[in-house]
1. Could you list, in their original order, any pairs among 229/323; 247/323; 78/460; 159/245; 252/323 whose Cα atoms are separated by more than 32 Å?
2. Taking every DSSP beta bridge with both residues inside the chain, roughly what % is antiparallel (nearest 5)?
3. For the stretch 279-373, which trypsin sites (Lys or Arg not before Pro) are both in a DSSP coil and crowded by at most 12 other Cβ atoms within 10 Å?
4. Between the stretch 255-311 and the stretch 55-95, how many Å separate their Cα centres?
5. What does the accessible area of residue 223 come to, in Å² to the nearest 10, when a probe of 1.4 Å is used?
6. Taking Cβ-Cβ under 4.7 Å as the only way to count a partner, pick out the unpartnered cysteines of the chain.
7. Given a 1.4 Å probe and heavy atoms of the protein chains only, how would you sort 6, 430, largest accessible area at the top?
8. If the limit is 25 Å between Cα atoms, which of 19/75; 83/352; 61/452 go over it?
Amino acid sequence: MPKFLEAVKLSNKVSKALKFFNFEATSFPGKVVQKFYPNFLTECSEYIGHPRFAITGTNGKTTTSGILSEILDKKGLKIINNKLGANMPNGVVTAIAKSLYGGDNNVRKMDGAVLECDEAYFSTVSNKFVFDYILITNLFRDQLDRYGEMDIARRKIIKGIELNPDIKIILNADDPSLSEITEKLNYNDDKFIYFGFENIEYINYEKTSNSPKETISCPKCNENILYTKRFYAQLGAWYCRCGNKRKTPDVKANAIVYPDKTILNVTYKNEKFEFKVNLSGLYNAYNALGAIAAALVSGVEQNIIEEALNSYSPVFGRHQKVKLNNGGVMTIHLIKNPVGASEVLRGLKNLKNSRMVIAINDNYADGRDVSWLWDADFESLSDFSNVIYTTGIRSYDMSLRLKYANVNPILIETFDSTDKVTIGIEAAIEELNENENLVVLTTYTGLLEINKNINKLIKKYGAN
């Protein structure tokens with residue numbers, strides 16, 4: 001106990017020091033803790049109750065874990081959650097140590113955990129920390145220079161699951177790339193819980209998805225997967241001629257997607273529920289359905305889930321809104337791979353009275369390879385009738401991509417390549433007309449830089 005307490009105190013001191021100098025304190029404290037006390041992740045279990053959820057996959061981890069944490073919080077549980085999305089082992093340790101800190105002479109106990117885990121590092125965490133559930137959102141091509149193709153990430157997730165033999169596995173039934181996890185693990189059916197959509201209806205929302213579809217081979221016969229319905233990317237009602245097909249979801253839903261919300265009609269164990277999700281886009285409907293499925297299978301009541309969905313606020317950069325003093329609104333979206341970017345752009349296709357900033361960095365956490373820009377559906381901006389500002393280290397690459405997407409070159413304004421993306425955002429805000437909105441699309445390190453300076457931006461440009 002004494003050394004564990006010292007590790008928790010050390011994390012708190014490092015976090016305070018970093019914040020004093022206006023640095024992010026989401027991962028480095030965890031790095032210091034693990035150097036000081038390598039057994040931290042193993043021994044922290046003594047202070048953390050159940051349920052314990054791991055959330056992994058390519059897209060939607062932060063939003064899914066945020067919604068699920070909100071639900072468990074409304075149930076009255078004290079939950080550990082790395083809510084800002086620092087999901088590698090150092091970020092996980094930082095979040096745990098912060099939550100366990102109860103003062104210089106105390107380690108406080110928590111009732112459970114919802115930990116977002118990077119798919120490439122899930123096995124590193126699960127090797128030391130025992131989870132009750134893992135929820136896997138989806139698998140898309142993402143940062144190929146770091147992850148490699150999807151089968152590499154899939155193998156790493158499988159390895160992490162095998163290290164937690166009693167874990168229950170919550171899977172997106174609509175993603176055929178996850179079916180191989182079921183096949184490779186060869187567990188009894190009661191180990192798996194599936195969620196998915198039966199039908200999607202769109203109201204004043206772009207009906208057609210141009211997200212790139214991965215070519216997925218059937219894990220049983222290696223033939224290409226076919227579809228009776230495809231919702232976006234490779235997600236949908238899939239099947240193979242050999243007889244392999246999408247599992248019938250345990251938690252299934254019909255969705256009505258509006259520009260600013262989604263209505264979910266959910267069925268679980270022959271009971272029907274209706275939930276409203278105050279987030280835009282089908283991709284966020286999937287995130288919400290995954291969180292709802294996790295809550296239902298862990299015994300949370302409908303009214304608590306409903307209350308949590310009504311009060312949930314988007315995590316920074318996930319459709320977060322900031323009111324501006326010109327009367328308009330700045331909305332911030334994280335983009336990091338072709339499918340995620342295409343689905344965000346899908347929701348912006350008919351945008352009016354708005355300008356746009358696209359900030360592209362190629363730091364390690366963003367992925368060094370920015371060729372994914374050419375697979376994302378920036379063609380949906382070809383009719384955009386206002387200025388698009390590009391900034392970030394790869395601002396010129398982004399401007400070139402927009403020109404090839406048939407965006408009017410007169411409307412493209414490129415800032416010098418810099419990772420200080422708030423310089424570009426400030427310049428864009430300065431040029432906004434009255435009641436004009438600003439949409440910001442940014443990669444991960446750009447998002448961190450905006451988050452670091454958001455209070456300054458709000459003080460300077462925010463509405464009173």
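The values are calculated or read from the model by the stated rules, or taken from the named source; none is laboratory data. Everything numeric in this text was worked out from a predicted model, so none of it was measured. We place every Cβ from the backbone using ideal geometry, glycine too, and count neighbours over all the protein chains shown. Surface areas here come from the heavy atoms of the whole protein model, side chains and all, with no ligands, DNA or RNA. Shrake-Rupley method; radii C 1.70, N 1.55, O 1.52, S 1.80 Å.
1. In this structure, 229/323; 247/323; 78/460; 252/323 lie more than 32 Å apart at Cα.
2. Working: 29 of 74 bridges.
Taking every DSSP beta bridge with both residues in the chain, the antiparallel ones total about 40 percent.
3. Working: sites: 318, 321, 323, 336, 346, 349, 352, 355, 368; in loops: 336, 349, 352, 368.
Hits after loop and neighbour filter: 352, 368.
4. Each part reduced to its Cα centre gives a spacing of 17 Å.
5. 110 Å²
6. Flagged as lacking a Cys partner: 44, 117.
7. So the residues, ranked largest to smallest area, are 430, 6.
8. Correct reply: 19/75; 83/352.
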